[in-house]
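Presented below is the structure to which this report refers.
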Amino acid sequence: MDATQSLRYFGPELVLTAAIMAVLALDLGLTARGIERSRWPGIVALAGAAAAIGSAVRLLRVPAREWLFGRMLVFDGFSVYFKVLLGLALLAAVWMSLGSREVRGQPNEGEYFTLLLSSGLAMLLMAAAANLLMAYLSLEFASLTSYVLTGFLRHNRRSAEAALKYLIYGGVASGAMIYGMSWIFGLTGSMDYAGIAAGIAQLDDPSRGAFFLALVLVLAGFGYKVASVPFHMWAPDVYTGAPIPVTAFLAVGSKAAGFAMLLRFFHFGVGAAGPVGAVTRVPLLQLGTLLCAATMTLGNLAALSQQNMKRLLAYSSIAHAGYALLGFVVFADAGVQAVLFYLTVYYIMNLGAFWVVMLIANATGHEDLPSYRGLAWRGGALPALALAIFLFSLAGLPPLAGFVGKFYVFGAGVERGLIALVVVGVLNSVVSLYYYVRVVKTMFLDEPRAEDAPVHFALNDLAAVGLLSAATLVLGIRFDWLLARVETARRIFAG
Amino acid sequence: MKFQYVPVLIAFGLGGLVAAVFVAAGMFLGPRRPSPVKEAAFECGNPPSGPAWGRFSVKFYLTAILFIVFDVEVVFMYPWAVLFRPLGVFGLVEMSVFVLVLTVGLVYVWRKGALEWD
Amino acid sequence: MTAPVFLLLAVLVVAAALTVVAHPSPVYSACALVVTLFLLSVFFVALDAQLVAVLQVIVYAGAIVVLFLFVIMLLNLTQPESRPTAGVPVVAVAVGGGIGIAALVAAALRRVPPAGAPALPEGFGDTAALARRLFTAYVLPFELTSVLLLVAIVGAVGLASRKG
């Protein structure tokens, strides 16, 4: 489909671009009038994100599956599903920012919201990219905005340090990735995924070894985006240093966009050429299994001893990338479906957890575990309850949404015969229970001491958290609704 | 194909050669009789006032990165200019959108006062 | 490109790149980077990618290294010896890893049979051919680049113009 026809299927991206321009124009207008602080950039950004979701939801009903803009992007149920999910992540990040003490009161809020919206735009493109060039460009676009957002806090050394670390790790990973991409292009003679799949089918046996090496290099770039071991080292520092809304957006949006790229590349570019074992001489399956097991285990073990909530959630998000990778290692439609379901559930419970952490940081000024002591008994009963729901769901306890998500991922693994990996996953869930419960125990069972001041939470600040915890409860029981959505979205357009 | 660039190579070579010849001629032909008066900085700069590797202001960095951004913008115009007529209206619209977006950037930098030095 | 010319250039470019990594003074490293990038552009000419070669010189060897120099000056690294020296284990790991990757690449390449290079189409790599692809097949990446550059401007202004 050529460029002008493609625009019909490009609504969410166009809406976000317009919103970016609107926020910039508004920011300039405010600067011209000498207004330093205003709510309006955030409100316009919120409206832009909501409009983008609306546009994406309308596309959900379009059954077409097409190449867009020549052979750059694809339009299919998979990409639209991710666009809705990423749009919701963006909306939540903007909403969180509007209530964040770290972000509000900074004199360059217009820039902040511009960058946040651009980051969202880049992630939408990542979800639909089916061409090595577009994949690289959108991934770099998302990374660039994330670096600046991470370092957004003025006069905060940790924020600046986190941005620098993120930048350096990102540079190395994307360098490895584009080198691998150049090999893939050289071996298959094509940049779009369908062409790559056709090219692989014609590779002779010896060149498959070279192709496998290229896949490993590309995996470095994707692995960095989803924070999988051994490309996870940036995550704890970045999650701790960045403002909490940005951390939540990176943990939820960036990870989902990375998984969208990973799944599309391996199921559509590489996988379409036949079963994965046949594609490369050296087994990709074993490599994936190893990465998955290492990611789950390392994330959970490192989380055990964390005292800072953001750092704890960072390691927990690494572990959850490991669970989702299990669905990826299945290398079949059932796996894609499980990952989609898992990422959606993860979106709800992880976002909720970060939101509560932000509210508590707003109220107490601290993010470390000791400041949560007896929180439930000094005015924070509702947020403590919500956080307990999110953490139990993250641990995968029934009847919460996290349990259903894990059930489907592990189920897909068992069906594929990955019993050992599933056992590792279940053991990891048990380990993770320890550090999640420790937080809950601190909030409910520890007595508040004299120096712990009482805290107050406005009810309207708790609205979003209440919504998310309700969703965690409801999806734990009525998961068939989400499952039906995921089933229509799992089919990836194969050119 | 690549031999069409041989003249460029020759031009580079000639440029280097001319420079080398001038330097060599000065070295070999000129008499050398240094004296303190001759070595003073006279009508060719000031005496140095501090180390050359001083700390620069971040303003230089901002200017440099803005230069790169607009440099990259202009770079895209070379191929467009080569194919200006065959690309027709579509190419014109494409380039207009591209330049328009970056003009927003220019206006932004300007109005934000990022180009002012103080 | 004939083999002796390639070998000469390859040795030069690797030497220059090693200088970038190993030289104690960051300013000299940046200057060695100019040499590296310039030599790379010669490779691009040899690969019939003339426009890329020219852009390499204009954008990278020209503008980006200047930016690097400004950043180095901003960091105020007046004493070259103030740079922390890596311990023996770190160097050993780096060298070992580098050799390992090189061996892996060499092994992978050895398995690929040297296919006869396909004949290049007429006008391959010249500016007109590149422009035709860029402005027709790659419209979306091209337009997206403008948004990316705009956001880069906003980010740079946000980071660099912090008051106080």
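The values are calculated or read from the model by the stated rules, or taken from the named source; none is laboratory data. Everything numeric in this text was worked out from a predicted model, so none of it was measured. Cβ placement follows ideal geometry from the backbone for every residue including glycine, while neighbour counts extend to all protein chains displayed.
Every condition in (1) within 25 Å of A:Tyr81 (Cα to Cα); (2) modelled with pLDDT of 90 or more; (3) crowded, with 21+ Cβ neighbours inside 10 Å holds for A:Phe407 except the one numbered (3).
The residue that is surrounded by the most Cβ atoms within 10 Å (Cβ to Cβ), among those in region A:153-198 that are in contact with a Ser or Thr (Cβ under 6 Å, 6 or more places away or on another chain) and away from chain C (no Cβ under 12 Å), is A:Ile196.
Taking the criterion of being surrounded by fewer than 24 Cβ atoms within 10 Å (Cβ to Cβ), in contact (Cβ under 8 Å) with a residue 40 or more places away in the chain and either touching a Lys or Arg at 6+ places or on another chain (Cβ under 7 Å) or not basic (Lys, Arg) (or both), the residues of region A:304-315 that qualify are A:Leu304, A:Gln306, A:Gln307, A:Asn308.
Looking only at residues in region A:50-61 that are hydrophobic (A, V, I, L, M, F, W, C) and out of contact with any Leu (no Cβ under 9 Å at 6 or more places or on another chain), the one that is nearest to the other protein chains (Cβ to nearest Cβ) is A:Leu59.
For region A:62-151, which helices (runs of 4 or more DSSP H) that fit wholly inside it have 3 or more residues that are at the interface with chain C (Cβ under 8 Å from one of its Cβ atoms)?
Details: elements: A:77-98, A:109-128, A:132-150.
Counting at least 3 such residues, we get A:109-128, A:132-150.
Annotation for region A:30-41: at least one member residue is surrounded by 15 or more Cβ atoms within 10 Å (Cβ to Cβ), within 14 Å of chain C (Cβ to nearest Cβ) and out of contact with any Pro (no Cβ under 8 Å at 6 or more places or on another chain). Does A:Ala163 meet the test of being at pLDDT 90 or above, farther than 22 Å from A:Arg491 by Cβ and touching a Pro at 6+ places or on another chain (Cβ under 9 Å)? No: the conditions fail for A:Ala163. Looking only at region B:74-96, residues that are surrounded by fewer than 20 Cβ atoms within 10 Å (Cβ to Cβ), within 8 Å of another protein chain (Cβ to nearest Cβ) and under 22 Å from C:Ala156 (Cα atoms) come to 1 in all. Among the residues of region B:102-118, the ones that are of a type outside the set (A, V, I, L, M, F, W, C) and in contact with a Ser or Thr (Cβ under 7 Å, 6 or more places away or on another chain) come to 2 in all. Can you confirm whether region A:131-141 contains a residue that is of a type in the set (Gly, Ala, Ser) and under 22 Å from A:Ala56 (Cβ atoms)? Yes; the residues of region A:131-141 include at least one that is of a type in the set (Gly, Ala, Ser) and under 22 Å from A:Ala56 (Cβ atoms).
Is at least one residue of region A:252-273 out of contact with any Pro (no Cβ under 9 Å at 6 or more places or on another chain), at pLDDT 85 or above, β-branched (Val, Ile, Thr) and in a helix (DSSP H, G or I)? Looking for residues that are out of contact with any Pro (no Cβ under 9 Å at 6 or more places or on another chain), at pLDDT 85 or above, β-branched (Val, Ile, Thr) and in a helix (DSSP H, G or I), one finds at least one in region A:252-273, hence yes.
Which residues, counting only those in region C:32-51, are free of Cβ contacts under 8 Å to residues at least 24 places away in the same chain and within 13 Å of another protein chain (Cβ to nearest Cβ)?
Matches in region C:32-51: C:Phe38, C:Ser41, C:Phe44, C:Val45.
To keep it simple, each residue is scored yes or no on (1) assigned to a helix (DSSP H, G or I); (2) within 14 Å of chain C (Cβ to nearest Cβ); (3) more than 30 Å from C:Ala160 (Cα to Cα).
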position: B:Phe12; (1), (2), (3): yes, yes, yes
position: B:Val18; (1), (2), (3): yes, no, yes
position: B:Phe28; (1), (2), (3): yes, no, yes
position: B:Val37; (1), (2), (3): yes, no, yes
position: B:Cys44; (1), (2), (3): no, no, yes
position: B:Pro48; (1), (2), (3): no, no, no
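Scan region A:430-443 and give yes if some residue there is surrounded by 14 or more Cβ atoms within 10 Å (Cβ to Cβ), part of a helix (DSSP H, G or I) and aromatic (Phe, Trp, Tyr), otherwise no. Checking region A:430-443: at least one residue is surrounded by 14 or more Cβ atoms within 10 Å (Cβ to Cβ), part of a helix (DSSP H, G or I) and aromatic (Phe, Trp, Tyr). Could you list all residues from region C:52-79 that are of a type in the set (A, V, I, L, M, F, W, C) and more than 7 Å from every other protein chain (Cβ to nearest Cβ)? Passing the criteria: C:Val52, C:Ala53, C:Val54, C:Val57, C:Ala61, C:Val65, C:Phe68, C:Leu69, C:Ile72, C:Leu75, C:Leu77. Candidates are the residues of region C:1-45 that are loosely packed, with under 15 Cβ neighbours inside 10 Å and within 23 Å of C:Asp126 (Cα to Cα); the one that is farthest from the chain's Cα centre (by Cα) is C:Thr2. Looking only at region A:34-41, decide whether some residue is aromatic (Phe, Trp, Tyr) and modelled with pLDDT of 90 or more. Looking through region A:34-41, none of the residues is aromatic (Phe, Trp, Tyr) and modelled with pLDDT of 90 or more.
Pairs linking a residue in region A:327-345 that is touching a residue at least 60 places away in the same chain (Cβ under 8 Å) and part of a loop (DSSP other than H, G, I, E, B) to a residue that is among the aliphatic types (A, V, I, L, M) and crowded, with 24+ Cβ neighbours inside 10 Å, with Cβ atoms under 6 Å and 6 or more positions apart or on different chains, are A:Val330/A:Ala412. Go through region A:188-204 and give me each residue that's touching a residue at least 24 places away in the same chain (Cβ under 8 Å) and either closer than 18 Å to A:Ala135 by Cα or part of a loop (DSSP other than H, G, I, E, B) (or both). A:Met191, A:Asp192, A:Tyr193, A:Ala194, A:Gly195, A:Ile196, A:Ala197 - these are the residues of region A:188-204 that are touching a residue at least 24 places away in the same chain (Cβ under 8 Å) and either closer than 18 Å to A:Ala135 by Cα or part of a loop (DSSP other than H, G, I, E, B) (or both).
Which one is nearest to the chain's Cα centre (by Cα), of the residues in region B:83-114 that are free of Cβ contacts under 8 Å to residues at least 24 places away in the same chain and part of a loop (DSSP other than H, G, I, E, B)? Among residues in region B:83-114 that are free of Cβ contacts under 8 Å to residues at least 24 places away in the same chain and part of a loop (DSSP other than H, G, I, E, B), the one nearest to the chain's Cα centre (by Cα) is B:Gly113.
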